[in-house]
Structure formats: structure tokens, C-alpha cells
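Beneath this line is the structure, given in C-alpha cells, with notes to follow.
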Amino acid sequence: MTNETFAQRLVATLRSVAGAYAIGDQVAPCAVLWTDPDHLWAAAMSTLQPLLPELFQLGSYAPQNRTGPALWLRCIDARLVDGAPSKDTTPIFYLPGISHKQLRAADDCPTELTALVELQYRGAVWLHTNGKEWTPYAFLVSKHGGLDLDVAKDQATLDALAGALPSLLTVPVAELQGRLSADYFNELVAPDTTGLLLRWMSDDVAFKQQRASAEWKAFCQQCKTDFVIDPATDSPLKAATKLAARANGWDRVWQRFVEAPANYPGVVEWLKRAATYSLFDSADVWPNINEREEKALQQALEGLTDQPQDVTIRKLAELEQQHAVRRSYPWQKLGLSPLATVLAPLAQLATLCQTSPGAPNPHDYAQFYVDAGWRVDGAAVAAMGAAAAFCTPAQQRAVLGCLRAVYLPWLETTARHLQKLVHDQGQAIDKRAKPIEPAKGRLILFADGLRMDVAHLLATQLATSDMQSTLDWEWSTIPAVTASAKPAASPIADCVVGGGADDIFSTRLKSGGKILTQDRFVSALKSRDWQFLEGNEIGDPTGTGWTEAGTLDKRGHREGWKLSRIIETEVRDMVSRIEMLLKAGWQEIVVVTDHGWLLLPDGLPKVELKAFLTETQWTRCAALKADARTDGMMFKWHWNPTVMMASPPGAGSYRAGIEYSHGGISLQEMVTPVLHVRAATSGGGAARLLDVRWTGAKCRVSVSGNSPGLRIDVRRNQSAPNTSLLTDQHAREVSPDGKVTVFLEDDSDIGIHAEIVLLDASGQVIHVLPTTLGQ
């Protein structure tokens with residue numbers, strides 16, 4: 001555990017602002033401007049200045065305190081006065097009572113600040129990603145450039161934080177655990193004995209060393225008064241015994257410990273050593289009992305791995321009833337109850353697997369999966385993810401063995417039923433809809449391997465990010481592999497046909513008969529006026545486009561069941577990409593995929609298929625030779641019904657040890673999501689480029705929207721900041737009235753094609769217009 005304090009993290013953050021530029025493409029900022037209109041950071045200066053020699057403050061002239069007026073700060077920047085840092089060190093100018101808005105409004109800026117206005121263009125301003133000034137509260141809670149802590153936002157907490165800031169700066173970041181409220185911050189200023197007592201119990205030697213003699217004596221006296229214990233003569237072992245008993249005021253100490261046990265890690269060991277429990281004691285007080293119950297739970301799970309599904313389901317329900325309460329004990333927050341934690345999704349999976357509904361036809365069966373069946377897969381993934389995150393290898397084996405015992409029979413039953421339905425209706429399945437038509441402002445986002453349960457998670461995350469989505473579904477192809485299914489999900493589906501069984505499931509272009517490679521796929525899109533957006537490009541939102549995102553399928557093949565631990569990250573990345581595209585002006589994002597997948601720890605059941613019968617054989621599908629016959633069901637290739645495909649019965653695999661696979665016929669592989677996403681309607685409009693007017697090397701740009709921190713750049717490549725054509729390659733900030741004027745670095749660039757790029761406060765591209773420089 002690192003001992004880095006809040007102050008040290010803040011210092012590192014401020015210095016990182018000075019280093020946040022592309023060496024070789026940009027020049028270093030001349031200074032970092034730290035605006036603080038409400039003086040919220042003023043109390044921190046006495047702590048920060050010894051840690052940050054390059055920190056200077058705007059104020060009355062007192063150079064010995066590194067404080068002075070605006071002209072003096074400019075002299076520091078120019079290295080013209082004593083005390084200025086070396087040229088290799090970027091000064092940081094703290095500007096109390098000054099807002100970034102004041103600096104931007106150059107014409108209305110107070111006279112005493114005019115000397116600083118120019119620095120915002122040659123320097124860097126330390127701002128939150130929302131374009132506002134950093135406050136202590138924002139720095140504590142922000143995931144983007146802050147500490148990502150859980151802090152209450154009531155006024156009492158904000159007031160307490162303001163008073164506690166000097167003390168808070170000295171606290172190690174690792175100790176800022178749990179929900180921080182007014183009580184915590186007040187304790188830092190006027191410490192209550194309860195919190196101090198727990199800190200002493202956690203590390204008694206360090207606690208005493210960190211306190212002055214008078215403070216230590218006062219603490220000991222207060223402990224004797226409030227809790228009948230004297231830290232000067234008693235040990236933490238005695239305190240642990242009293243803590244467990246929770247009598248004579250110790251119930252308050254226990255409650256404080258339970259709220260944030262990670263703040264007092266040493267207490268657990270003392271409780272273990274103090275254990276004198278009887279048969280009537282429970283795991284809520286004694287970590288030893290919790291540890292014993294974790295071992296008993298592991299043994300119980302290990303005993304279920306070879307049991308029939310119904311036995312395992314029943315026993316898991318009993319175990320959940322017995323152990324669920326332990327998730328409310330402090331040991332769970334400390335990571336000491338991993339199996340009790342994993343048991344929640346595992347028991348949910350068992351409950352969902354009690355029945356395996358059928359349907360009279362493929363469409364109705366798919367609709368069951370879209371409406372409810374996907375929850376089984378979601379629970380299985382949640383259980384696998386929890387096992388990967390919290391459990392030891394031995395515990396993982398116990399959990400995954402139980403998961404396999406209840407999940408595999410459900411996979412087998414549902415897959416065999418769908419296979420029979422498809423086989424009986426002609427050995428094929430037709431697409432429900434025609435290829436997506438082009439429409440102004442419509443962008444197709446292709447996510448390889450986006451299974452239905454992951455799509456439901458994506459829809460939930462989109463809603464929390466203020467984006468509206470509707471979830472529909474479509475059939476994949478037979479076989480459900482990218483080579484066959486991706487073109488079928490695309491706007492060029494009518495441009496391709498199937499070849500022979502030896503084409504490795506790939507399609508061919510109708511024009512010319514060549515195999516459809518990725519390059520040819522892109523060319524076919526462009527020939528139909530579909531833009532192809534690579535990486536983080538946003539294209540022209542007034543047209544139509546296709547882009548690709550996500551690595552679910554690639555990582556699934558590589559990581560097997562441990563794919564479960566990165567699914568939430570994949571979904572967050574996809575949400576960010578969709579949000580960027582909608583902000584850029586795209587009206588509708590249609591999320592499509594090629595196929596789903598089966599995921600089973602310890603591998604799908606091995607199924608034999610003689611190699612001499614096949615032209616191509618993968619784990620979940622095989623292209624059969626002409627006139628070849630097998631004992632299993634055969635199906636028609638989506639692209640050429642004269643070519644027959646074999647699919648392993650149920651959830652089988654033609655290769656052993658395969659945990660992740662697709663290509664066969666199952667609900668998971670064949671029933672694919674289609675999401676239509678739009679930005680939620682609101683009163684204000686998104687920021688957009690309205691007008692671009694060139695006069696030689698000067699360009700006037702008009703912008704709509706009132707988002708703070710908007711900037712304009714002119715680039716050869718919209719996604720590459722180092723291709724900026726502006727003077728010193730620095731984007732220029734948009735004024736409050738939505739206007740900005742920029743200048744080219746080199747007049748000789750006039751006449752070339754480039755792009756006007758609108759950036760938000762975090763530097764993300766949100767709108768682009770093509771332009772010809774100077775015209």
C-alpha cells in the first residue's frame with residue numbers, strides 16, 4: 001500500500017499538466033495557470049509550496065513568500081527576477097479570486113490582470129474535463145484526473161471539507177476509503193476519539209510516533225473517559241476484545257469500523273488474535289468465524305461439481321440462504337468473503353437454470369431469448385467475472401465447477417431445441433430484415449461478437465449516460481462466424497454471394513468473384529457512398545457511415561472464460577465511442593454485430609467429426625464435402641444452400657478444451673442484438689460548427705452551443721493533433737459569444753484540403769467540417 005498523500009498526488013497532477021504536450025509536435029507550455037475564483041484552494045498553499053518550489057501565487061508583493069502581482073509573475077515567466085525556476089521547470093501560477101472566464105474575456109479583463117491574459121495561449125490552464133475550475137471536492141470525486149473517491153455532496157460535507165483541507169492534504173490517499181462525509185472531515189480538524197481509537201488499534205506504534213506528547217496524553221485521557229481503556233498501558237489486543245463485545249460505548253466504535261473497515265486494516269488481525277468466541281457467536285464480529293465459513297462454503301461447492309444439475313441447483317439455493325448475510329459483514333468490504341460474494345450471481349444462475357423453456361418455431365424461441373433467456377447468460381458471466389476478480393485459483397475451480405454443473409445442461413437443452421427447430425423448417429434460417437438503408441445522419445457501428453446479454457448491459461449504460469436506445473434482434477448466419485455473418489449484417493449484403501465449401505465460410509463479390517477481404521469490404525462500402533470511419537474518426541455526420549468498435553471476440557478467443565472480467569470495460573468503451581459520435585452530430589447510431597458466442601469454463605463438450613468429411617472444420621461448424629453425410633444434423637450455408645454445414649449437437653465442440661467459441665446453432669450464437677441509439681432530447685443543443693470564413697491565412701469560425709472549454713483547431717487529419725496547421729499547433733478557445741479567429745502557421749498551406757475541428761474541454765473531437773485553406 002502506497003503512502004502517497006493527497007498533497008503529493010495534487011503536486012503530481014499539477015506537474016503533469018505542464019508535461020501534457022506532444023514532444024516534437026508541440027512546444028512546452030510556458031506556465032500552468034491555476035485559477036480559483038472562490039479561493040477554495042487558498043488554505044492549501046502553505047502545505048503545497050514546500051512540496052512545489054515552482055508554485056507562485058498572485059497577490060501582494062512578497063517575493064520571499066513567492067507571491068506577487070501579475071507583472072511580477074510575468075517576470076517569473078521571463079526568468080528576469082530572483083527566485084524564478086530554471087528554464088527546464090515550468091512555473092505554476094496560482095490565481096486566487098480569478099476565474100478562467102475572466103482571462104478569456106480579454107477586452108473586459110481587469111487592468112491588473114492584463115499581463116496574464118497572454119499566458120493562457122502560451123501556457124496550460126488546469127481545468128476539469130467539463131471546462132470548469134478544479135475545486136477540492138471535484139478533485140476528490142472525479143474519475144478523470146482526480147482521486148475517484150466517494151464523497152457526500154451535502155452542504156455540511158462541503159463546509160467541513162473547506163475547513164479540513166490543510167489536514168486532509170497530509171492524509172495518505174490509500175486511507176481515503178469508503179464514503180467520506182462531514183463526520184470524517186470534521187474528525188481531521190477536531191478529531192473525535194472514536195476514529196483516533198481505531199487508528200491506534202490499526203497501527204499503535206506509528207500512531208503514537210505521529211503525535212506530539214500533549215496530543216498523545218490528551219488522546220489517552222479521552223479514551224479512559226469514553227471507553228475505559230488506556231492506550232498508554234493497554235494494548236490493541238485488549239481493545240479488540242472490547243470492540244467485539246460492543247458494550248459501554250464500544251458499539252459506536254464498531255459502527256465506525258463497519259462503515260469503512262479498509263481505513264483501519266490492522267484491526268482485523270487484532271480481532272483474530274482476540275478471538276474467544278463460543279458456539280453462539282457469529283461471523284459478523286469475528287473474522288475467524290467468517291474465515292471458517294468461507295472454507296466450509298468452498299468444501300460444499302467442491303462437492304457439487306460432479307452432481308446432477310437438479311441437486312446442484314437445490315444445494316446452491318440452500319448455501320445462498322445460509323451465507324448471503326455474510327455479504328453485509330465488514331469482512332466482505334475487505335475482500336475476506338470472496339465465495340460469499342460470488343455466491344450471489346451463482347445462486348441466481350442456478351435459479352434461472354431450473355427450467356429450459358421451448359417454443360414451436362425458431363422465431364418464438366428467439367423472442368423468448370431476447371425477452372428473458374439472455375438473463376441466464378448474464379448471470380453466468382457475472383459469476384465468472386466475480387470469480388476472476390475475487391477468488392484464489394482453488395476457489396475459482398470450486399465456483400466454476402458448480403457453474404458448469406448448472407449451466408451446461410441448460411446450454412445443451414436450449415441449443416438442441418433450436419437446432420431441431422431450424423432443421424425441421426428447411427435446414428436454414430432467413431434474415432428478418434433487409435440490409436440497413438442509408439439515411440442522412442445514420443451511422444452503423446459494428447461490434448464483433450456483441451452477445452445479447454452484453455447488449456442489454458450496453459443499453460443500460462447508454463441510458464445512464466443520457467442516450468436513448470431501442471433493442472431489437474436479428475438472426476446471424478449459418479455458420480455464425482464473421483466471414484459469413486459480417487457481410488450479412490452490412491449494407492453491402494446484396495453485393496456478395498457464396499462460393500464453394502472450400503472458401504472457409506467466406507463470401508465473394510458478385511462483381512469479379514473475388515473473396516471478400518476487409519479491404520474489399522471497405523471499398524464496397526465507399527462505392528455506395530458509405531463513409532468508413534477508422535479508430536476515433538467521426539466523419540461527416542450529414543452523410544451515412546460505418547465504423548467498428550470493440551474487441552470482445554478477439555479477447556474471447558484469447559482469454560476463454562476470463563473474458564468475463566473485461567466485459568464491463570468493453571461496454572464502457574463502446575458507450576464512450578457512441579457518445580462521441582452523437583456529440584459530433586450523428587443523428588442515429590445503429591449497433592449491429594455478426595454473431596454471439598458460447599462461454600463455458602473447462603471447455604465445451606468434445607464432439608467427433610471425421611476430418612475426411614469436411615472441407616473446413618472449426619470448433620463449432622464445418623463445411624462438408626459434396627455428398628458427405630454425417631450422423632448429426634446438417635444445415636444449409638446462408639450464402640449458398642447447396643453447400644451443407646455441420647454443427648455440433650447441443651453446445652459441443654469439434655475440438656477439446658475450447659472455452660469460447662461460435663459458429664454453431666444456439667440461441668447465444670444465432671440471436672444477435674440490433675440497437676438504435678439517439679441522444680436524449682434536451683433543452684440545449686449540442687455544440688456545432690456553424691460557419692467558416694477565410695481571409696488569406698486568417699479564418700473566422702462560428703460555433704453553436706454554450707458548452708464551456710470549446711476549442712478550434714485546423715488539421716490535416718481530424719484525429720491527429722500533431723497535424724495542426726495553426727500557429728504553434730495550439731487549438732484556440734471559443735469566446736462566450738461562439739466566435740474565434742485562428743491563423744495558419746504557414747501561408748504556403750493556402751489551397752490545401754484540411755479539416756476544421758471542434759474540440760470539447762477534454763480535447764475530444766465533437767464536430768468536423770472539411771475546408772480548403774484560405775478559400
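The values are calculated or read from the model by the stated rules, or taken from the named source; none is laboratory data. Quick caveat, the model's predicted, so the values are computed rather than measured. Here the Cβ positions follow ideal geometry from the backbone for every residue, glycine too, while neighbour counts run over all protein chains shown. To get the accessible areas, we keep the full protein, side chains included, count just its heavy atoms, and leave off ligands, DNA and RNA. Shrake-Rupley method; radii C 1.70, N 1.55, O 1.52, S 1.80 Å.
What FRET efficiency comes out for the pair Arg122/Ile752, r = Cβ-Cβ distance, R0 = 25 Å, nearest 0.05?
In this case the efficiency is close to 0.40.
Sorted by accessible area (1.4 Å probe), largest first, how do Lys208, Lys143, Lys554 line up?
Lys143, Lys554, Lys208
Considering only the chain, what is the antiparallel percent among its DSSP beta bridges, to the nearest 5?
65 percent
With a cut-off of 8 Å between alpha carbons and a minimum separation of six or more residues, what is the relative contact order of the chain in percent?
10 percent
When the Debye formula is applied to the Cα atoms of the stretch 227-291, each taken as the same point scatterer, what base-10 log of I(q)/I(0) results at q = 0.11, 0.23 Å⁻¹?
For the stretch 227-291 at q = 0.11, 0.23 Å⁻¹, log10 I(q)/I(0) is -0.23, -1.06.
Mean shadow of the stretch 703-775, computed from the convex hull of its alpha carbons, in nm²?
4.5 nm²
Among residues other than Lys739 whose Cβ falls under 10 Å from its Cβ, what is the net charge (Lys/Arg +1, Asp/Glu -1)?
-1
Return the lysines within reach of Lys610: Cα separation strictly under 17 angstrom, same-chain partners fewer than 8 residues apart disregarded; answer none if there are no such residues.
Lys625
Between Arg179 and Ala433, 0.36 nm times their residue separation minus their Cα-Cα distance comes to what?
The Arg179-Ala433 span can extend by a further 86.5 nm.
Percent relative contact order of the stretch 249-390, based on C-alpha pairs within less than 8 angstrom and at least six residues apart?
Relative contact order, the stretch 249-390: 23 percent.
What distance in nm lies between label points placed 7 Å from Cα along the C-beta direction at Ala245 and Phe743?
About 8.0 nm separates the two model spin labels.
Straight distance only, please: which aspartates and glutamates reach the Cα of Lys583 with their own Cα at less than 19 Å, same-chain residues fewer than 8 apart left out?
Result set, ordered by chain and number: Asp466, Glu534, Glu537, Asp540, Glu548, Asp573, Asp691, Asp713, Glu733, Glu755, Asp760.
Say the dipole of the stretch 111-212 comes from +1 at the beta carbon of Lys and Arg and -1 at that of Asp and Glu; which of Leu197, Leu161, Thr111 then lies farthest toward its positive end?
Going by the charge dipole, the pick is Thr111.
Given the -39500 (n - 2.57) contribution per DSSP H run of 4+ residues, what per-residue ellipticity at 222 nm results for the chain, rounded to the nearest 500 deg cm²/dmol?
The per-residue figure over the chain is -11500 deg cm²/dmol.
How large is the accessible surface of Ser181 in square angstrom, using a 1.4 angstrom probe and rounding to the nearest 10?
40 Å²
Assuming 0.36 nm per residue, please report the length gained on full extension of the stretch Lys272 to Thr114 beyond their Cα-Cα distance. Write down the numbers at each step before the final one.
On the way: separation 158, 0.36 × 158 = 56.88 nm, distance 6.42 nm.
Stretched out fully, the Lys272 to Thr114 stretch lengthens by 50.5 nm.
Run the numbers on the stretch 114-169 and let me know its relative contact order in percent, using alpha-carbon pairs under 8 Å that are six or more apart.
20 percent
Largest first and to the nearest Å, give the Cα extent of the stretch 1-125 along each principal axis.
For the stretch 1-125, the Cα spread along each principal axis is 50, 38, 30 Å.
Put Asp310, Asp594 in order of accessible area, largest first, 1.4 Å probe: what do you get? The partial results should precede the final answer.
Values: Asp310 95, Asp594 0 Å².
Heavy-atom accessible area, descending, gives Asp310, Asp594.
Trypsin sites (Lys or Arg not before Pro) within the stretch 29-122: which are DSSP loop residues with at most 14 other Cβ atoms inside 10 Å?
Passing sites in the stretch 29-122 are Arg79, Lys87.
Using 1/(1 + (r/R0)^6) with R0 = 45 angstrom and r between the beta carbons of Ala611 and Ser356, what's the FRET efficiency to the nearest 0.05?
0.90
About the Cα centre, and with charges only on the beta carbon of Lys, Arg (+1) and Asp, Glu (-1), how big is the dipole of the chain? Nearest 20 debye, please. If you can, show how the numbers build up before the last one.
Working: 75 positive and 87 negative charges, 168 e Å.
Result for the chain is approximately 800 debye, rounded to the nearest 20.
Can you tell me the accessible area per residue over the stretch 328-386, all protein chains present, probe 1.4 angstrom, in square angstrom?
That works out to 35 Å² for each residue.
Starting from the exponent 0.38 and prefactor 2.2 Å, build the expected Rg for the chain from its residue count and divide its actual Cα Rg by it.
Normalised Rg, Cα atoms only: 1.16.
How long is the gain from Asp159 to Ala206 if the chain were fully straight, where each residue apart is worth 0.36 nm and the alpha carbon distance is subtracted?
13.9 nm
Which net charge results when you count Lys and Arg as +1 and Asp and Glu as -1 among the other residues whose beta-carbon is under 12 Å from that of Tyr654?
It works out to a net charge of +3.
Within the set Lys238/Lys333; Lys143/Lys333; Lys440/Lys739; Lys514/Lys562; Lys431/Lys606; Lys606/Lys636, which residue pairs have Cα atoms separated by over 32 Å?
As for pairs spanning more than 32 Å Cα to Cα, those are Lys514/Lys562.
For the stretch 566-610, what class follows from the C-alpha gyration tensor (a ≥ b ≥ c being the square roots of its eigenvalues): rounded when a/c is under 1.5, otherwise prolate if a/b is larger than b/c, else oblate?
Working: a/c = 7.08, a/b = 2.54, b/c = 2.78.
Because a/c hits 1.5 or more and a/b fails to exceed b/c, the stretch 566-610 counts as oblate.
Straight-line reach only, C-alpha to C-alpha below 17 angstrom: list the aspartates and glutamates that Lys420 could link to, leaving out same-chain residues fewer than 8 apart.
Candidates past the 8-residue exclusion: Asp364, Glu412, Asp430, Asp631, Glu669.
What shape does the stretch 589-629 take by its C-alpha gyration tensor, where a ≥ b ≥ c are the square roots of the eigenvalues and a/c under 1.5 counts as rounded, a/b above b/c as prolate, and the rest as oblate?
In terms of gyration-tensor shape, oblate.
Please give, to one decimal in nm, the separation of the simple spin-label points placed at Asp728 and Glu548, each 7 Å out from Cα toward the Cβ.
That separation, rounded to one decimal, is 4.1 nm.
By the gyration tensor of its Cα atoms, with a ≥ b ≥ c the square roots of the eigenvalues, what is the shape of the stretch 165-265: rounded for a/c under 1.5, prolate for a/b over b/c, or oblate?
Oblate, since a/c reaches 1.5 and b/c is not below a/b.
For Cys75, Cys699, write out the residues from largest to smallest accessible area, computed with a 1.4 angstrom probe and no ligands counted.
Sorted descending by solvent-accessible area, the residues read Cys75, Cys699.
Can you check what the net charge comes to around Ala372, using other residues whose Cβ is under 13 Å from the Cβ of Ala372 (Lys, Arg +1; Asp, Glu -1)?
Working: positive: Arg375; negative: Asp364, Asp371, Asp377, Asp453.
The answer is -3.
Using unit Cβ charges (K, R positive; D, E negative) and no other charged atoms, how large, in debye to the nearest 20, is the dipole of the stretch 127-258 about its Cα centre?
The dipole magnitude comes to about 200 debye.
Could you give the dipole magnitude of the stretch 49-164 about its Cα centre, charging the beta-carbon of Lys and Arg +1 and that of Asp and Glu -1, in debye to the nearest 20?
That gives a dipole near 200 debye.
Quick check: the distance between the Cα centres of the stretch 458-479 and the stretch 482-505, to the nearest angstrom?
23 Å
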